[in-house]
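First comes the structure, then the notes that go with it.
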Amino acid sequence: MDYHIEISSIVQFVNDQLRQKSIVNYNAREIYTHIKKAALESETKPFLNPTHEGEYNSNYEKYARINAEWDGTYIPDFFENDGAFYDLEKILYIFRENTNEETFRILFSLKIGELKSNGLPINEFLSFQVYDNFYGDEQSLYDFLQELLSIDGNFYLLPSNFNEEIEKWVDRKSDSKVEIIVENPEIKKSPNTEKEEIEFKKYLESKKGFKIPGKLTDEQIRHFFSFLYLEKSADKKPFLKEEEVNVIFANGLTIPQEIPETKFSLNTSLAFPKKIVEKGFHLFFTTHSYTTRDKNDFLLFFANYIKDFEKPMYFRQSMINAAGNFNGKSSPKNKIIWDNYLPK
């Protein structure tokens, strides 16, 4: 039973649904586009390169002909990119860390549909995914699942009772939890990836002690982020203590010279998810910043101080993923009146 998000099994599942006309809303071309994108982002290698000028390869010509005749009614077991053909029948695991967020959401949803069609337990898959793609953070996975349900463009991919499946997973008994050890396939870095990581480290170094410019004064900044200790969260306690917020903004919106020894953890729960705080952060960003280019600096600032947001400061891809998710989408559980914290 494979609870990884694996491409070849998803291709087979989608094609079965298309043949049986079980789900008429499936768009083979759209899904195929995301599968190709995920495969390329995983740095998979082509199994058949284009022929040189004047050469003839019957195998290559066969794939070129099939590719040209593809009518979009199903997903082929290969795809073409810049003349090279890539194999979709090989075992290829997809991980959130290396995948565009929209593509990951679609493949994640399709994996759930695959499990449902085979009568396999979705709650066990979700428990596995906590460690496979969400760094052991159940709250992060829960927020992601709520986002899946809120996006109309992805909703049709999910089983009709998926909300019930989420609640079943949330309510599972603690004594039924089984520790899952995930062994991810080794992913070798290309020279380009290594170069990008070096540049990312240079960026991190250049931002030490950098004061992020913006429209609001330090006093207005501190007033806005007072929501972190004035608004109640889990157990009627704030998201952060007032003294913790004072430490974070002691020097305004300045990225520290060194990573603080102690990072603060948000007091969140399923009823008061991290998404509420992210909404506030995004609202502040759009109010304070002159340009969207400041987004990475803003994410880096909070990564230094708050454990729940620390991943972007360690990996370039984590920063890319965080920036993509930093979109201002609100949690339906948000009850904060943000106008109370915005400058008058």
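The values are calculated or read from the model by the stated rules, or taken from the named source; none is laboratory data. Quick caveat: nothing in here was measured; it's all calculated off a predicted structure. Because the Cβ atoms are built from the backbone with ideal geometry, glycine has one as well, and the counts that use them run over all protein chains shown.
Pull out all pairs, ordered by first then second residue, where Cβ-Cβ is under 6 Å, the residues are six or more apart or on different chains, the first lies in the stretch 240-252 and is more than 9 Å from residue 264 (Cα to Cα) and in the same structural domain as residue 216 (by TED's automatic domain parsing), and the second is in a helix (DSSP H, G or I) and of a type in the set (Lys, Arg).
249/222
Check off (1) surrounded by fewer than 18 Cβ atoms within 10 Å (Cβ to Cβ); (2) polar (S, T, N, Q); (3) touching a Lys or Arg at 6+ places or on another chain (Cβ under 6 Å) for residue 57 and give me the number that stays unchecked.
(3)
Within the stretch 230-248, how many residues are modelled with pLDDT of 95 or more and either surrounded by fewer than 19 Cβ atoms within 10 Å (Cβ to Cβ) or farther than 18 Å from residue 279 by Cα (or both)?
8
Just name the residue that is farthest from residue 110 (Cα to Cα) out of those in the stretch 1-29 that are of a type in the set (Val, Ile, Thr) and touching a residue at least 12 places away in the same chain (Cβ under 8 Å).
23
Could you tell me whether residue 32 is at pLDDT below 90, within 19 Å of residue 107 (Cβ to Cβ), among the aromatic types (Phe, Trp, Tyr) and surrounded by 13 or more Cβ atoms within 10 Å (Cβ to Cβ)?
No: the conditions fail for residue 32.
When the residues of the stretch 96-109 are narrowed to those that are more than 15 Å from residue 146 (Cα to Cα) and at pLDDT 90 or above, which ends up surrounded by the most Cβ atoms within 10 Å (Cβ to Cβ)?
Of everything passing the filter in the stretch 96-109, 107 is surrounded by the most Cβ atoms within 10 Å (Cβ to Cβ).
Answer with yes or no whether residue 73 is β-branched (Val, Ile, Thr), surrounded by fewer than 18 Cβ atoms within 10 Å (Cβ to Cβ) and in a helix (DSSP H, G or I).
Against the criterion (β-branched (Val, Ile, Thr), surrounded by fewer than 18 Cβ atoms within 10 Å (Cβ to Cβ) and in a helix (DSSP H, G or I)), residue 73 does not qualify.
Could you tell me whether the stretch 274-283 includes any residue that is charged (D, E, K, R), surrounded by 16 or more Cβ atoms within 10 Å (Cβ to Cβ) and touching a Pro at 6+ places or on another chain (Cβ under 8 Å)?
no
Can you report the number of residues in the stretch 215-228 which are within 14 Å of residue 251 (Cβ to Cβ) and not acidic (Asp, Glu)?
4
Can you find, within the stretch 76-93, the residue that is surrounded by the fewest Cβ atoms within 10 Å (Cβ to Cβ) among those that are of a type in the set (Asp, Glu) and over 17 Å from residue 15 (Cβ atoms)?
Restricting to residues being of a type in the set (Asp, Glu) and over 17 Å from residue 15 (Cβ atoms), the top hit is 82.
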